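Single-structure report; data block below.
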Amino acid sequence: MSLKALLLSAFAVLFMWPGSAASAHAEFLASDPPDGATLTEQIDTVTLAFSGEVATIGEGFTALDSTGTLTAASIESTVDGAEWRIGFDRPPTGSVVVRWEVKAPDAHPFTGSIGFSVPGSPAGSEAAAAVTEEALREFARTETSSPQLLGAVGRIIGIAGVMLSIGALA
């Protein structure tokens with residue numbers, strides 16, 4: 001094996017080695033109330049914690065309750081931008097979904113949602129409540145960007161290029 005082929009092979013191995021997540025990536029850690037919780041009393045704020053600083057993009061933080069009303073009235077973050085507090089203009093009732101669109105300092109956007117239940121039921125008939133539950137499910141649907149997938153595709157393309165180069169040198 002020639003020196004060039006050996007160096008290209010070593011480069012290919014290093015290129016496809018999975019790297020650790022960049023420190024600028026952030027991810028959702030926890031919420032208060034927690035996702036899936038059934039509360040026994042009304043609340044006026046939700047707290048979301050991320051592993052690092054995030055900034056809002058798109059709609060930022062939004063909330064929908066069983067009345068079909070967007071209820072987020074105030075949104076504030078801690079100094080480091082890793083914790084966000086969403087305040088409501090009125091206490092939400094029934095099923096509640098809080099959704100976010102944020103980006104980490106490395107500009108990778110990501111979305112997510114949590115859901116929980118609070119005392120109270122939506123106004124109106126059961127049919128209206130069923131429609132509202134469907135709207136809540138649709139509202140909660142999110143697409144999360146996948147930098148891991150994009151990185152893997154990039155590595156595969158790079159490896160293919162290196163292998164073609166090695167083949168051309170041999």
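The values are calculated or read from the model by the stated rules, or taken from the named source; none is laboratory data. What you are looking at is a predicted structure, and each value in this text was computed from that prediction instead of being measured. When we count neighbours, we look across all protein chains shown, and the Cβ atoms used for this are built from the backbone with ideal geometry, even at glycine. When the accessible area is computed, the model is the full protein with side chains, heavy atoms only, and any ligands, DNA or RNA have been set aside. Shrake-Rupley method; radii C 1.70, N 1.55, O 1.52, S 1.80 Å.
Numbers at a glance
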item	result
Calculated FRET value between residue 40 and residue 75, using beta carbons and R₀ = 30 Å, to 0.05	0.75
Per-peptide average of other Cβ atoms within 10 Å, ordering 96-106, 48-58, 76-86 highest first	96-106, 48-58, 76-86
Point-to-point label distance, residue 29-residue 55, nm (Cα→Cβ direction, 7 Å offset)	2.1 nm
Sulfur and carbon atoms: percent of accessible area, the range 28-120 [1.4 Å]	51 percent
